[in-house]
Amino acid sequence: MRVIQVKDYEEMSEAAATLLFSRVKEASSLSLGLATGGTPEETYTRLAEKANKSNQSFSHVNTYNLDEYVGLAPEHPNSYRYYMDQHLFTKIDIPKEQTHLPNGTAVELRNECNRYERLIKRDGGIDVQLLGIGANGHIGFNEPGTPFNTGTHLVELTDETREANARYFSAKANVPTKAITMGIASIMEAKEIVLLVSGQSKAHAFAQLMDGEITEEFPASILNNHDNVTIIADEAAISLHASKHVL
Ligand code: F6R
């Protein structure tokens, strides 16, 4: 895993947007795996700015989001479809039908998981997967204990994750209890992975990712087994690891 050390959230966002923009520019066709949450917000803003400044089209790009809450319709302000529309899709020229998320309102949720997994495979797999990380090491909504061999599946959200995401809802009670997420195996099939880590609240997770063993109890640890991972991490996120190592 390559680690790019940056000063703060702004620098991380700029570095990530620059990297993604160059992939969009260089490719004749690109499958981008996308994450939501606080971490990539500014990355998306800057990516859209770069595209608009240089008239870069996204018409050759397909996107596949990692996850979606169960029970939230696309127009619900807390759905990840809504988040993606707000932060990226409406700011670039990507056709809506080329932007994919699991359907959290599907009647048959297990069929929906299978459909999503097959869709990604049918389209040739993900070229570049953007990831954030939970303080407990989750990637996507793959919580500690998720088997490494899982594809897209239905998950029960942990209390910790619902608590962390409650900041976007009027009350924790309104945070859905279930989600559909790409699995660890789905994520590991991406040809390239870019993991963003920012802030003191992620310092333990970053240190464990770098120094800890590879275990299902810390899902992100599997990334050590992927041969093309770039981590863009800021000083606060690196702080605990840096105190133990000369970087
Ligand atoms: C979001 C996702 C999650 C987040 C993680 C970090 O699509 O898959 O794994 O990346 O929960 O969230 P933030 O960035 O809000 O700290």
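The values are calculated or read from the model by the stated rules, or taken from the named source; none is laboratory data. Computed from a prediction, not measured in an experiment: that's the story for all the values here. When we count neighbours, we look across all protein chains shown, and the Cβ atoms used for this are built from the backbone with ideal geometry, even at glycine. What goes into the accessible areas is simple: the full protein's heavy atoms, side chains included, and nothing from ligands, DNA or RNA. Shrake-Rupley method; radii C 1.70, N 1.55, O 1.52, S 1.80 Å.
The relative contact order of the chain, computed from alpha carbon pairs under 8 Å that lie at least 6 residues apart in sequence, is 25 percent. Only helices reaching 15 angstrom along their own axis (Cα) with mean Kyte-Doolittle hydropathy no lower than -0.5 count here, and for the DSSP H runs of the chain these are 9-26. In the assembled protein chains, ASP159 presents an accessible area of approximately 90 Å² (probe radius 1.4 Å).
Taking segment 137-158 and a reference point 7 angstrom along Cα→Cβ of ARG115, the backbone N atoms nearer than 16 Å belong to 152-154.
Sorting THR39, THR90, THR158 on solvent-accessible area from highest to lowest, probe radius 1.4 Å, gives THR90, THR158, THR39. Ordering TYR9, TYR80 by accessible surface, largest first, gives TYR9, TYR80; the 1.4 Å probe counts only protein heavy atoms, with every chain in place.
When the surface is traced with a 1.4 Å probe over the full set of protein chains, LEU154 keeps roughly 40 Å² accessible. Using every pair of distinct Cα positions in segment 1-80, the Kirkwood expression returns a hydrodynamic radius of 14.1 angstrom. Across segment 152-200, the fraction of Cα-Cα pairs farther apart than 14 Å, rounded to a whole number, is 65%. In straight-distance terms, cross-link reach from LYS50 covers every one of the aspartates and glutamates whose alpha-carbon lies under 18 Å from its own, apart from those fewer than eight places away in the same chain; here that gives GLU10, GLU11, GLU14, GLU26, GLU41, GLU42, ASP85, ASP93. Here the Debye sum runs over all C-alpha atoms of the chain as equal scatterers in vacuum, and log10 of I(q)/I(0) at q = 0.18 Å⁻¹ comes out as -1.58. Counting only heavy atoms of the protein chains and using a 1.4 Å probe, SER54 has close to 70 Å² of accessible surface. Estimated purely from DSSP H runs of n ≥ 4, each contributing -39500 (n - 2.57), the mean residue ellipticity at 222 nm for the chain is -10000 deg cm²/dmol once divided by its residues. Over 23 Å between Cα atoms: which of LYS191/LYS244; LYS25/LYS53; LYS172/LYS202; LYS121/LYS191; LYS7/LYS91 fall into that group? Distance filter (> 23 Å) returns LYS191/LYS244; LYS7/LYS91.
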